[in-house]
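The values are calculated or read from the model by the stated rules, or taken from the named source; none is laboratory data. Computed from a predicted model, the values in this text were never measured in an experiment. Note: ideal-geometry Cβ built from the backbone for every residue, glycine included; neighbour counts use all protein chains shown. These accessible areas exclude ligands, DNA and RNA; they are computed on the full protein's heavy atoms, side chains included. Shrake-Rupley method; radii C 1.70, N 1.55, O 1.52, S 1.80 Å.
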Amino acid sequence: MAAGSAPTPAAGTLRPARLGPGDVVKVGAVGLRTRPMRAFLSALGIAIGIAAMVAVVGISSSSRAGLDRTLSALGTNLLTVAPGTTLTGEQARLPLEAEAMVERIGSVRSVSAVGRIADAKVYRTGRIPKSETNGIGVYAARTDLTATVGVRLRSGTWLNGASGRYPAAVLGATAAERLGIGHAGPGARILAGGRWFTVVGILAPSELAPDLDAAVLIGWPAAQSALAFDGRPTTVYTRSAEDGVERVRDLLGATANPEAPNEVQVSRPSDALAAQQAAGEAFTGLLLGLGAVALLVGGVGVANTMVISVLERRAEIGLRRSLGATRGQIRGQFLAESLLLSALGGAGGALIGTAVTSGYALVQGWPVVVPAWAVLGGIAATLAIGALAGLYPAIRASRLSPTEALAAT
């Protein structure tokens, strides 16, 4: 060796070049670029599963947010009192003084009531057969009902001290639809209990008092004079202070009917909405399971794609091994390809799921809520599935010797 010359490493000490993370990604993307349609279809299977999961979680969260907003607007302090059944199984009745007695409870802020007129039937005209009542009930209503229940008017006006004494009626939203009446006014009339009533108002759908939707409401005095109403309330509505709802709920039965508190049913309408939400969440769990199955099927599709890719690219594997690529580098190449394929499917599925959630929530009038954990968790799940799906093909590719791979072509 000449003086001053650098020592030449022996042949046995040569080491293969190391691939950085960027190089691994570039090499892994080669398979996706050369077979774009196959890559798209494989990623689509992953995307469908992730889109289903994100959409289900997002729609459920948006629905819950919409319910919370509704309850915040309507309040959760509405309680109702209704007659139950007697010990002999007959229909119980509330006392005539039930409203006045309930109003004496300290935490109660407002009280109102309706009374069902059992024998009164409703028809649009006198020519309709008597059997076609459309399931509409006639109720006597207090003038402060809308303020207590929180129901709004869609058309016309509510009953007042004057109109409540005359043949004037307010229709619930469902009742108006069944009777074919779109707007209140002097020209809109119905036949209730054999008497003609002018429709002065139409209610909007009620969230907390759905029984009012299929009701015809007339003033308490008019019901007594025109339809022989006995004056007994069938449902008493109460609004209480938020911190006193539970106390009022415990007292309502004994207060409304002291002689037979066991014959009184006390309910909280917001509890029914919460139960409905709970049922929706159970259904959400089922849909999440279906989304997980779709995601698993997508993972199997990725594994199948990678196995076929290894078989088709044996010449490339043999050439790279002949040029000095190590088994670890071959494993990294195919594992990176599988992860990229899954990541593309996961990102696309997250976008599709978010778009579906946004569109459905806007149509329903809900706030758009897509939990970050659902999106990030979905993408993380796709990466985990991609790693598992690509592990076997990557190991299989790395075990091919250069001569075996080249000879197979």
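Below, the figures for the structure above:
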| quantity | calculated |
| --- | --- |
| Residue satisfying condition, being open to solvent by less than 40 Å² (accessible area, probe 1.4 Å), of a type in the set (Val, Ile, Thr) and touching a Lys or Arg at 6+ places or on another chain (Cβ under 6 Å), within set Thr146, Thr133 | Thr133 |
| Tally of residues being touching a helix residue (DSSP H, G or I) at 6+ places or on another chain (Cβ under 7 Å) and part of a helix (DSSP H, G or I) across the stretch 213-246 | 5 |
| Whichever residue in the stretch 309-319 is touching a residue at least 12 places away in the same chain (Cβ under 8 Å) and assigned to a helix (DSSP H, G or I) and, among such residues, is nearest to the chain's Cα centre (by Cα) | Ser309 |
| Tally of residues being part of a helix (DSSP H, G or I) and within 30 Å of Ala55 (Cα to Cα) across the stretch 320-373 | 32 |
| Where Val307 falls short, out of the listed (1) out of contact with any helix residue (DSSP H, G or I) (no Cβ under 6 Å at 6 or more places or on another chain); (2) at pLDDT 75 or above | (1) |
| Where Asp68 falls short, out of the listed (1) of a type outside the set (Ser, Thr, Tyr); (2) surrounded by fewer than 21 Cβ atoms within 10 Å (Cβ to Cβ); (3) under 30 Å from the mean Cα position of the chain (by Cα); (4) over 30 Å from Thr357 (Cβ atoms) | (4) |
| Residue within the stretch 28-35 that is at pLDDT below 85 and either outside any helix (DSSP H, G or I) or over 24 Å from Thr382 (Cα atoms) (or both) present | yes |
| Flag if Ala350 is touching a Ser or Thr at 6+ places or on another chain (Cβ under 6 Å), open to solvent by less than 60 Å² (accessible area, probe 1.4 Å), touching a residue at least 24 places away in the same chain (Cβ under 8 Å) and closer than 28 Å to Leu296 by Cβ | no |
| Residue match in the stretch 95-114 (condition: modelled with pLDDT of 90 or more, part of a loop (DSSP other than H, G, I, E, B) and buried (at least 20 other Cβ atoms within 10 Å of the Cβ)) | no |
| Qualifying positions in the stretch 250-273 - at pLDDT below 70 and open to solvent by 50 Å² or more (accessible area, probe 1.4 Å) | Asp271, Ala272 |
| Identity of the residue in the stretch 189-207, surrounded by 22 or more Cβ atoms within 10 Å (Cβ to Cβ) and more than 15 Å from Ser163 (Cα to Cα), that ends up nearest to the chain's Cα centre (by Cα) | Leu203 |
| Count of the stretch 149-161 residues which are of a type outside the set (Lys, Arg), open to solvent by 60 Å² or more (accessible area, probe 1.4 Å) and not in a strand (DSSP E or B) | 2 |
| Residue count, the stretch 208-223 (criterion: open to solvent by less than 30 Å² (accessible area, probe 1.4 Å) and either at positive phi or over 31 Å from the mean Cα position of the chain (by Cα) (or both)) | 7 |
| Odd one out for Leu74, checked against (1) open to solvent by less than 30 Å² (accessible area, probe 1.4 Å); (2) modelled with pLDDT under 75; (3) over 26 Å from Val375 (Cβ atoms) | (1) |
| First in the stretch 188-201 and of a type in the set (Lys, Arg), second anywhere and open to solvent by less than 10 Å² (accessible area, probe 1.4 Å), Cβ under 8 Å, 6 or more apart | Arg189/Phe197; Arg189/Val199 |
| Meets criteria (in contact with a strand residue (DSSP E or B) (Cβ under 7 Å, 6 or more places away or on another chain), at pLDDT 90 or above, open to solvent by less than 50 Å² (accessible area, probe 1.4 Å) and under 16 Å from Ile218 (Cα atoms)) for Leu171 | yes |
| Residue under evaluation Tyr166, criteria (1) among the aromatic types (Phe, Trp, Tyr); (2) open to solvent by 30 Å² or more (accessible area, probe 1.4 Å); (3) under 17 Å from Arg116 (Cβ atoms); (4) free of Cβ contacts under 8 Å to residues at least 60 places away in the same chain, criterion not met | (3) |
| Which numbered condition Leu67 fails, given (1) under 25 Å from Leu311 (Cα atoms); (2) in contact with a Leu (Cβ under 9 Å, 6 or more places away or on another chain); (3) modelled with pLDDT under 75 | (1) |
| Residue count, the stretch 356-384 (criterion: of a type in the set (Val, Ile, Thr) and open to solvent by less than 40 Å² (accessible area, probe 1.4 Å)) | 3 |
